[in-house]
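**Q** Pasting a structure here, questions to come.
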Amino acid sequence: MSETLASLLLSSPTERDKQSKIGPSTIGSPCNKCIAEALHRPVNDTAPSRQQYWAGAAIGTAVHLYLEHRAPLFFPELITEKKVKIGELLGYGWISGTADGVLPPNDSFYPVDVWTMLDWKTTQREKLTWIRQAALYAPEPGENKKLQEARFKLESYFGQTHLYAYGMVQAGVPVESILISFIARDAKTEDDFFEVTLDYDEEYALAVWDRLVYIWENLDTETWRGHPSCFTHGKELR
């Protein structure tokens with residue numbers, strides 16, 4: 001079947017998509033092997049191959065852009081698409097990222113008491129069910145595979161957003177809270193949206209960064225194992 005105009009427009013990489021340097025979304029992953037493989041890629045490799053399941057990410061980007069367009073209509077004080085430098089990995093280069101937004105303390109449309117970093121995440125309704133359970137309930141022995149995968153995903157997001165927040169604090173933005181807002185791409189009702197709020201923890205952010213430094217410094221002297229719940233490498237351990 002030939003490609004449609006819509007699929008061509010959504011799947012064709014932009015300059016931002018061509019970035020090959022490791023970013024916070026990968027660094028935050030609990031999977032050491034994913035991080036090691038990303039660090040092994042040449043930083044000037046600007047010819048990404050289109051993945052088979054590209055559509056979900058493309059639709060997620062579209063949702064981000066729509067929210068970025070609508071947010072200023074209700075939040076004049078909202079800072080959108082905040083670019084931050086996180087740190088320099090010696091011998092590799094600077095690690096940077098782009099947070100979806102920063103909301104100063106306010107008592108308006110969506111009141112917050114402290115500087116709050118926003119991160120939009122798109123998912124599916126079925127997956128959101130497990131993400132909600134992972135966020136609200138402590139782990140128990142014998143959990144099913146889907147719940148374990150949801151905990152893996154949440155931990156990745158926690159690491160990623162803490163790196164963003166760390167970069168903001170270093171740049172003088174006094175972030176104290178992180179708001180991760182989940183949106184089901186196949187949403188039907190208000191139940192298909194969910195939020196997780198975290199207190200920013202600098203020690204946690206530094207631990208995520210220190211793990212990156214350790215993997216980089218020992219990249220070729222250790223064997224890096226995947227995580228059992230990682231979509232890419234988990235099958236190796238099951």
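**Q** Kindly indicate which of THR197, THR232 is more than 30 Å from ASN106 (Cβ to Cβ) and polar (S, T, N, Q).
**A** Every option except THR232 fails the conditions.
**Q** In segment 34-54, what residues are touching a Ser or Thr at 6+ places or on another chain (Cβ under 8 Å) and at pLDDT 85 or above?
**A** CYS34, ILE35, ALA38, ARG41
**Q** Let me ask something additional. Kindly indicate whether any position in segment 112-123 is in a helix (DSSP H, G or I), within 21 Å of the chain's Cα centre (by Cα) and of a type outside the set (A, V, I, L, M).
**A** There is no residue in segment 112-123 that is in a helix (DSSP H, G or I), within 21 Å of the chain's Cα centre (by Cα) and of a type outside the set (A, V, I, L, M).
**Q** Output the qualifying pairs, or none if there are none: Cβ atoms under 8 angstrom, residues six or more apart or on different chains, first residue in segment 125-150 and crowded, with 18+ Cβ neighbours inside 10 Å, second residue at pLDDT below 95 and part of a loop (DSSP other than H, G, I, E, B).
**A** Taking only residues 6 or more apart or on different chains, the pairs are GLU149/SER229; GLU149/PHE231.
**Q** With the checklist (1) of a type in the set (Lys, Arg); (2) touching a strand residue (DSSP E or B) at 6+ places or on another chain (Cβ under 9 Å); (3) surrounded by fewer than 16 Cβ atoms within 10 Å (Cβ to Cβ) in hand, flag the one item LYS188 doesn't pass.
**A** Of the numbered conditions (1) of a type in the set (Lys, Arg); (2) touching a strand residue (DSSP E or B) at 6+ places or on another chain (Cβ under 9 Å); (3) surrounded by fewer than 16 Cβ atoms within 10 Å (Cβ to Cβ), the odd one out for LYS188 is (2).
**Q** Also, quick follow-up: List the pairs whose first member sits in segment 227-238 and is under 14 Å from LYS146 (Cβ atoms), whose second member is in a loop (DSSP other than H, G, I, E, B) and modelled with pLDDT under 85, and whose Cβ atoms are under 9 Å apart, counting only residues at least 6 apart or on separate chains?
**A** PRO228/ARG238
**Q** Something else now. Among the residues of segment 183-216, which ones are among the hydrophobic types (A, V, I, L, M, F, W, C) and either on the phi > 0 side of the Ramachandran plot or touching an Asp or Glu at 6+ places or on another chain (Cβ under 7 Å) (or both)?
**A** ALA184, the sole residue that qualifies.
**Q** Continuing with this model, one more query. Report every pair of residues separated by at least 6 positions or lying on different chains whose Cβ atoms are under 9 Å apart, first residue within segment 19-32 and in contact (Cβ under 8 Å) with a residue 24 or more places away in the chain and within 12 Å of GLU155 (Cβ to Cβ), second acidic (Asp, Glu) and surrounded by fewer than 20 Cβ atoms within 10 Å (Cβ to Cβ).
**A** As it stands, the answer is GLY28/GLU155; SER29/GLU155; PRO30/GLU155, since those pairs meet every condition given.
**Q** Of all residues being part of a loop (DSSP other than H, G, I, E, B) and surrounded by fewer than 18 Cβ atoms within 10 Å (Cβ to Cβ) in segment 151-185, which is nearest to the chain's Cα centre (by Cα)? Just the residue, please.
**A** Result: ARG185.
**Q** Only residues that are of a type in the set (Asp, Glu) and surrounded by 15 or more Cβ atoms within 10 Å (Cβ to Cβ): list them for segment 48-92, please. Talk me through it step by step, then tell me what you get.
**A** Step one: filter segment 48-92 for residues of a type in the set (Asp, Glu), giving 68, 77, 81, 88.
Passing the criteria: only GLU68.
**Q** Okay, next question. Tell me whether segment 202-218 contains one or more residues that are in contact (Cβ under 8 Å) with a residue 60 or more places away in the chain, within 30 Å of LEU67 (Cβ to Cβ) and assigned to a loop (DSSP other than H, G, I, E, B).
**A** no
**Q** Does segment 87-103 hold any residues that are out of contact with any strand residue (DSSP E or B) (no Cβ under 8 Å at 6 or more places or on another chain) and either part of a loop (DSSP other than H, G, I, E, B) or of a type in the set (S, T, N, Q) (or both), and which are they?
**A** Of all residues in segment 87-103, those out of contact with any strand residue (DSSP E or B) (no Cβ under 8 Å at 6 or more places or on another chain) come to 90-93.
The answer is LEU90, GLY91, TYR92.
The values are calculated or read from the model by the stated rules, or taken from the named source; none is laboratory data. Everything numeric in this text was worked out from a predicted model, so none of it was measured. Virtual Cβ from ideal backbone geometry, glycine too; neighbours counted across all protein chains shown.
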